[in-house]
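Asks: Quick one: the structure is below, questions incoming.
The values are calculated or read from the model by the stated rules, or taken from the named source; none is laboratory data. In this text, all values refer to a predicted model and were calculated from it rather than measured experimentally. As a convention, Cβ positions derive from the backbone with ideal geometry for all residues, glycine included, and neighbour counts pool all protein chains shown. Accessible surface is based on the protein model in full, side chains and every heavy atom, while ligands, DNA and RNA are left aside. Shrake-Rupley method; radii C 1.70, N 1.55, O 1.52, S 1.80 Å.
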Amino acid sequence: MNPSPEAIALAANSIRVLTVDACSRAGIGHVGLPLGCAELGTVLFSELLRHDPSDPGWHDRDHFVLSAGHGSMLLYSLLHLSGYDLGLDDIREFRQLGSRTPGHPERETPGVETTSGPLGQGFGNAVGMAIAERVLAARFGSDLVDHRIWVLASDGDLMEGVASEAASLAGHLGLGRLVVLYDDNGITIDGPTGLSFTEHVPGRFEAYGWDVQVLEDPYDLAAVRETLARARESEDRPHLVCCRTQIGLGSPVVGTNKAHGFGMGREGAEQTRQSLGWSLPPFEVPPEVYDVFRPNAERGAGQRAEWEQRRDRALGDTRLAELWSAMYERALPPGLGALLPDFAGEKPMATRKASGVLLNRVAGAIPSLVGGSADLAESNLTSLEGEALIERGKFDGRVVYYGVREHAMAAIASGLALHGGVRPYVGTFLVFSDYMRPSLRLAALMGVPVTYVFTHDSIFVGEDGPTHQPVEQVAALRAIPGLELWRPADAREVVVAWRRALEREDGPVALALTRQAVPVLEADDVESRARRGGYVVEPERESGAPELVIAASGSEVAHAVAAARELNQSGRSVRAVSLPCLEVFLAQEPAYRESVLPAGTRRLVLEAGVEQGMAAILQPGDRFFGMTGFGQSAPWQALAEHFGFTAGNVEQLARELLP
């Protein structure tokens, strides 16, 4: 039995007042969306959302994504009233240091599915979650995987390009378990949306292949229930429900841009309370409001218990149990090391080629691996041979064709990882990581295990010219806290980098791989020593402190090794160091770092990119040799000569630094 209109109204106004109280106490906050969407949230959480607040991580729960993260107080209020581990004390601490109710939702808060705020990102994450749900349902059946992804998105979300890209792919794939509630209030921070946004949103989404409904009065409970129920039952296409809400409903600035981030001072808070007929003290909720949400939470607990019984029965099948562990626990095979290719002694090869060989060698043993490329599979070498594509109505494949949608691809990959059961990887050219940066940053902020395969990693892309030749991208990626950027020197270091990517569960890994062939290192134990992010690949002639250290990453390591050997043969004592992952190396204990890069010994640091990032290992008197501008269009060999990335030039630079 659904709550009465009177109960819904009381619950919605409780959300409004909690929002006013929290923003007023904080002195800042976005009140507009929570006040305007309170009824929508109440109906969804009290009637339609399949969830169990006592077990927020239940695998077959519905996922609710607040893409419009500025409306965080709506979500916090709903989670509190539904019985999640989020108390009124947490609400009081809204936007305060260390609180579980930050200004925009962060996934550490119980019940928050993704860290949202930058507009369009949550929308993209939700598309990834919807893909993951279908992929897992194809493996385990509807008895074990049968849930929906609900999204609340704003005008700003739908203006952002990432949402357009993601919506296009969602329509193409027919993700019928995805329901987006569009808070169509006609207001942005600068004023009416008509200042810059006059497109026909329903028509755009219909063209994408979505089912579109327009909810003219989202405060008409019968209409809300009927519309959302229809969206929940129809599964042939993703759903957009355009909700013509009133931003800041109940406040003195209702319907205006001031409602978006209205500074809810004491006077504004009191006026809002009066307009709602509210007389209770701040942060006090009528007990009967909890009764509005409790029945659906109890239903969810019962559904979860029944699901667990079905799961336990199904996993009596050993083969299915092994698949479940491999996917939902993202377990790696015990003999992973034996599956990895051994490239020692191989002829020179591009590191992108080594990556492709490795992927296809291990994919069969890691069923959670699902990935694809932004229309560059043949260049990134990210295809899985013999594996089916993920297509409309056919989700038993493992390869996603993202099309030329780098930004959405990265946001979707985060959603795949957040959903669980899938270990995503994606690929494109390194220079196009710029398109993906907001999603990469959020993946690192959330600590989700996504692998980014970035090929064509330097000016040695060659003839495509400076538009496609990355010079600042490696440094830019290194600047993101929590993201590991691996730039392997050869095929053997590719094995180390991929193993780290497969094993890491607390954050993303980016691989920067060459287009051109590079020599395979002859050093001993590369696979074990490179795991520390930096190591001596070519020792000095005499034991003890070297006269000079030549350190490099990627394809430049071969030049460092060649120059060091030539100098050692001429009687000098020079060490070559490979730095496949600067972040991992800098995290090693000081004694190890000193053993690789002795303090006080001059260093020549090579990288076919800008200095930022590598500056972390430069001392006074050291030299960085890299790029100070953009590249040119020419064969890569000509570029190497022109810009000085040759063993001969490196040797000359080293001699200039030697005492």
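Asks: Taking the highest mean first, how do the peptides 359-365, 535-541, 342-348, 8-14 order by number of other beta carbon atoms within 10 angstrom per residue?
Replies: Numbers: 359-365: 17.0, 535-541: 20.7, 342-348: 13.0, 8-14: 23.0.
Going from most to least packed, we get 8-14, 535-541, 359-365, 342-348.
Asks: Please sort by residue number the chymotrypsin sites (Phe, Trp or Tyr not before Pro) in the stretch 617-659 whose DSSP state is loop and whose Cβ has at most 14 other Cβ atoms within 10 Å. Could the numbers behind the result be given before it?
Replies: Details: sites: PHE624, PHE625, PHE630, TRP636, PHE643, PHE645; in loops: PHE630, PHE645.
Taking the stretch 617-659 and a limit of 14 other Cβ atoms within 10 Å, the loop chymotrypsin sites (Phe, Trp or Tyr not before Pro) found are PHE630.
Asks: Tell me, what is the FRET efficiency for ASP396 and MET1 to the nearest 0.05, using R0 = 51 angstrom and their Cβ-Cβ distance as r? Mind dumping the intermediate values first?
Replies: On the way: r = 39 Å, r/R0 = 0.77.
For R0 = 51 Å, the calculated efficiency reads 0.85.
Asks: I'd like the GluC sites (Glu not before Pro) in the stretch 474-528 restricted to DSSP loop residues with at most 12 other Cβ atoms within 10 Å, sorted by number. Show your work: numbers first, answer last.
Replies: On the way: sites: GLU484, GLU493, GLU503, GLU505, GLU522, GLU527; in loops: GLU505, GLU522.
Of the GluC sites (Glu not before Pro), the ones in loops of the stretch 474-528 whose Cβ has at most 12 other Cβ atoms within 10 Å are GLU505.
Asks: Here is a follow-up. In the stretch 516-615, carbon and sulfur make up what percent of the accessible area (probe 1.4 Å)? List each step's numbers first, then the result.
Replies: Values: 1800 of 3740 Å².
Carbon and sulfur atoms account for 48 percent of the accessible area of the stretch 516-615.
Asks: How large is the dipole of the chain about the Cα centre if only Lys and Arg carry +1 and Asp and Glu carry -1, each at its Cβ, rounded to the nearest 20 debye? Let's see the in-between values first.
Replies: Details: 59 positive and 86 negative charges, 149 e Å.
Dipole size: approximately 720 debye.
Asks: Exactly which chymotrypsin sites (Phe, Trp or Tyr not before Pro) in the stretch 187-269 are in a DSSP loop and have at most 16 other Cβ atoms within 10 Å?
Replies: Sites meeting the loop and neighbour criteria: PHE197.
Asks: What's the FRET efficiency of SER234 with GLU346 using the Cβ-Cβ distance as r and R₀ = 45 Å, to the nearest 0.05?
Replies: Values: r = 54 Å, r/R0 = 1.19.
That gives a FRET efficiency of 0.25.
Asks: Ignoring ligands, DNA and RNA, what accessible area per residue does the chain give at 1.4 Å, in Å²? Walk me through the intermediate numbers first.
Replies: Values: 24150 Å² over 659 residues.
Per-residue accessible area for the chain comes out at 37 Å².
Asks: A further question follows. Once amide H atoms are built 1.01 Å from N in the peptide plane, which residues 5 or more positions from THR245, or in another chain, come under 5 Å H to H?
Replies: ASP184, ASN185
Asks: Here is a further query. Would you calculate the separation in nanometres between label points at SER99 and SER595, each defined as 7 Å from the Cα along the Cα-to-beta-carbon direction?
Replies: So the two model labels end up 4.8 nm from each other.
Asks: Counting DSSP beta bridges in the stretch 183-257, what percent are antiparallel, to the nearest 5?
Replies: Bridges in the stretch 183-257 are about 25 percent antiparallel.
Asks: Give me the Kirkwood hydrodynamic radius of the chain, using the inverse of the mean 1/r over all pairs of distinct Cα atoms, in Å to one decimal. Working shown, then result.
Replies: Details: mean 1/r = 0.0375 Å⁻¹.
For the chain, inverting the mean 1/r across all distinct Cα pairs yields 26.6 Å.
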